[in-house]
Amino acid sequence: MHQSLCKQNIYTILMIMSVILSVLLAMSIGSLDISLTDSFNCLFSEHTSSKSSDSLACTIIWEIRLPRILMAAITGAGLSAAGLILQSVTRNPLADPYLFGISSGASLGAVSAMTLFAGTGITIIFGALSGGILSILLMLIIAGRSVYVVEKLLLSGVAISFMLSAFMSLILYYSTPDVATSLLFWMMGSFENSQWNDLLLPAVYVLTGAVVFFIFRRWITVIQTGDETALALGIPVNQLRVGILLVCAIMTAVIVAHVGGIGFVGLMIPHIARYWVGTAVQRVLLTTILLGSVFMIWVDVVARSLLEAQVLPIGIVTSAIGSIFFFIMLKRRK
Amino acid sequence: MSKNLPDKAIMTVDNLSWQVDQLSILKQISFDLMPEEVVGIIGPNGSGKSSLLKCIYRRYQDFTGRVSLCGKPTEDYQQRQLAKNLAVVSQEPESNFEIKTIDIVRMGLVPHKGLFEFDNKNDENKLSQALAKVDLLNKSEQLFSSLSGGEKQRALIARALVQEPNIFLMDEPTNHLDIQHQIEIMQLIRQLGIGTIVTMHDLNLAANFCDRLILLNNGEIVVQGSIEEVLNSEHIAKVFEVQVRVDKNPFSQLPQIALNYHQSGREG
């Protein structure tokens, strides 16, 4: 028991160090080469250096790279945590915010806000939130009394996902070419426009969600083994499942509103984390969050440095890596 | 196997009936459970054994009649309070996620821990003691799915022990186990000294390890009482529709059922 606890602590420390190291390394990678030492100096000093080149480097780090790196970290953490918890409460290894239509709902809400109401900023966030929550409510309504049967809940979620995606395609179809292009880019996800003042809301929601998941860690772990066991241990299974779905929906919607649709992270990161530290939520939650952050930071680095003078949409990179991961996982699965 | 039991019932089932869509699943079931007593529920498939257990721990709540624990109706207990008094050991369904044995056993802490509480040294000791009691201490870090059938049952019993209940409800704990492990699990249940209701299919095993038996058929109690009262050829032939001869087990002197495996049809 103690040996396992020790191993878990080592993983956690390693992961925290990896997050810090990833942030530092990612700061120095980009179209303008900035040495690690310069990045480090910029980070811990006021960027008011007399040398104009230093000043430019520090401005790039403080105003462009750091906000987007932190947004990537928050996004990776949030989507991975939501995926882990959705997989646990539905006992389905394929569950993630996409499967339930949460991402589709949030995207539809955001796209509607952008096109129909010509919204920006807070309107998009409100639209994404409404869309995400609407998708969950629709799922619960359609599932009706079957909401307590996980399989039917999942199937309702899949149906909702397709329905909302169809609506989104309809909006795209009727948009002008310019709007359709920018919407398509937005839907593929990007950290390009992340600013310091964009970080607060996703950070607060992801942190709140993670705290909620941690509070209910024991109950969620039990639900993984079956509703019968959970009920026999005094856990209000149905209320917990619906509550957790809503928390995941809100978390995902806020993320989608800020960075667009990014798939596969919520699906694959929890699997890797479980492989390392086991299935119990109390062990795997923190590892998933940290691993998700590291992964997304490096996806962003790849997206902005793979092609010269061009930034790839994040969704393309995560989906490409995600599908390769999936093939490996299927191969390993007995 | 019978012993001197205290006469105050820790659980009373009074006139319990349960139906689903006009179909009666359980009809007017009444019985008591004494402290440290092991009561076996036997009967053919579909006779209502598992449903009865589920009504007792309020998995099904829309039954009529009353189940009382220590004199208090179960409907007056919050589900979590109920879980502190009643531990359920049933077949664990296959999970899509691999989980360590220690984490399965740790689940027994759930009814006792607040959402904001962390596991402490005392909890870790409880887990170690429960694992030691079922002889699985050396397998605590192994995946639950890698354990043998008997070990899995012992791990589930360890989880139930961590719940520190007054009553065990066990749904066919010896299912799919070989005879050695069947005996091992039943001996363990006896050693625990906790009032237990156990559903069983193996009548000879029930005869040797239960204090009393309840024979169910079509949701009704056909007969309940001592092993000798319940396990006679007339009752078994009538309920299971098989030809039997009831002898005495040469080791325990308790009833032993011999079946006629070559009977023609289901003529009793």
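The values are calculated or read from the model by the stated rules, or taken from the named source; none is laboratory data. In this text the structure is predicted, and so the values were computed from the model without any measurement. Every residue, glycine as well, gets a Cβ built from its backbone with ideal geometry; the counts of neighbours run over all protein chains shown. We work out accessible area using only protein heavy atoms, side chains counted, and drop any ligands, DNA or RNA first. Shrake-Rupley method; radii C 1.70, N 1.55, O 1.52, S 1.80 Å.
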Pull up the stretch A:191-200, narrow it to residues that are in a helix (DSSP H, G or I) and within 14 Å of A:Ala73 (Cα to Cα), then point me to the one that is least open to solvent (accessible area, probe 1.4 Å).
A:Leu199
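Matching residues to (1) within 14 Å of chain A (Cβ to nearest Cβ); (2) assigned to a loop (DSSP other than H, G, I, E, B); (3) over 20 Å from B:Pro111 (Cβ atoms); (4) β-branched (Val, Ile, Thr):
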site	(1), (2), (3), (4)
B:Ser51	yes, no, yes, no
B:Cys55	yes, no, no, no
B:Gln61	yes, yes, no, no
B:Glu75	no, no, no, no
B:Leu82	yes, no, no, no
Can you tell me how many residues in the stretch A:310-322 are open to solvent by 40 Å² or more (accessible area, probe 1.4 Å) and either farther than 18 Å from A:Asn193 by Cα or touching a Phe, Trp or Tyr at 6+ places or on another chain (Cβ under 6 Å) (or both)?
3
Got a sec? Which of A:Thr225, A:Thr229, A:Thr252, A:Thr221 is out of contact with any Leu (no Cβ under 6 Å at 6 or more places or on another chain), crowded, with 20+ Cβ neighbours inside 10 Å and outside any helix (DSSP H, G or I)?
A:Thr225
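Could you name every one of the strands (runs of 3 or more DSSP E) located completely within the stretch B:210-253 that has at least 1 residues being open to solvent by 50 Å² or more (accessible area, probe 1.4 Å) and over 17 Å from B:Phe31 (Cβ atoms)?
On the way: elements: B:212-217, B:220-225, B:244-248.
Where strands (runs of 3 or more DSSP E) fall fully within the stretch B:210-253 and carry at least 1 residues being open to solvent by 50 Å² or more (accessible area, probe 1.4 Å) and over 17 Å from B:Phe31 (Cβ atoms), they are B:244-248.
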Scanning for something open to solvent by 10 Å² or more (accessible area, probe 1.4 Å), at positive phi and either in contact (Cβ under 8 Å) with a residue 60 or more places away in the chain or not charged (D, E, K, R) (or both), does the stretch A:262-271 turn up at least one residue?
yes
Against the definition (within 12 Å of another protein chain (Cβ to nearest Cβ) and crowded, with 18+ Cβ neighbours inside 10 Å), how does A:Thr288 come out, yes or no?
no
Assess whether B:Lys27 counts as being over 21 Å from A:Thr221 (Cβ atoms), touching a residue at least 60 places away in the same chain (Cβ under 8 Å) and open to solvent by 10 Å² or more (accessible area, probe 1.4 Å).
yes
Residue that is farthest from B:Gln81 (Cα to Cα), among those in the stretch A:232-249 that are crowded, with 21+ Cβ neighbours inside 10 Å and over 24 Å from the mean Cα position of the chain (by Cα):
A:Val237
Give me the residue from the stretch B:172-188 that is open to solvent by less than 30 Å² (accessible area, probe 1.4 Å) and in contact (Cβ under 8 Å) with a residue 40 or more places away in the chain and, out of that set, nearest to the other protein chains (Cβ to nearest Cβ).
B:Pro173
Filtering the stretch A:160-190 down to residues that are surrounded by 15 or more Cβ atoms within 10 Å (Cβ to Cβ) and free of Cβ contacts under 8 Å to residues at least 40 places away in the same chain yields A:Ala180
Number of the condition not met by B:Glu36 [criteria: (1) part of a loop (DSSP other than H, G, I, E, B); (2) away from chain A (no Cβ under 13 Å); (3) open to solvent by less than 50 Å² (accessible area, probe 1.4 Å)]:
(3)
Of those in the stretch B:122-150 that are open to solvent by 60 Å² or more (accessible area, probe 1.4 Å) and outside any helix (DSSP H, G or I), the residue nearest to the other protein chains (Cβ to nearest Cβ) is B:Glu141
Of those in the stretch B:86-121 that are more than 7 Å from every other protein chain (Cβ to nearest Cβ) and more than 24 Å from B:Glu151 (Cα to Cα), the residue surrounded by the most Cβ atoms within 10 Å (Cβ to Cβ) is B:His112
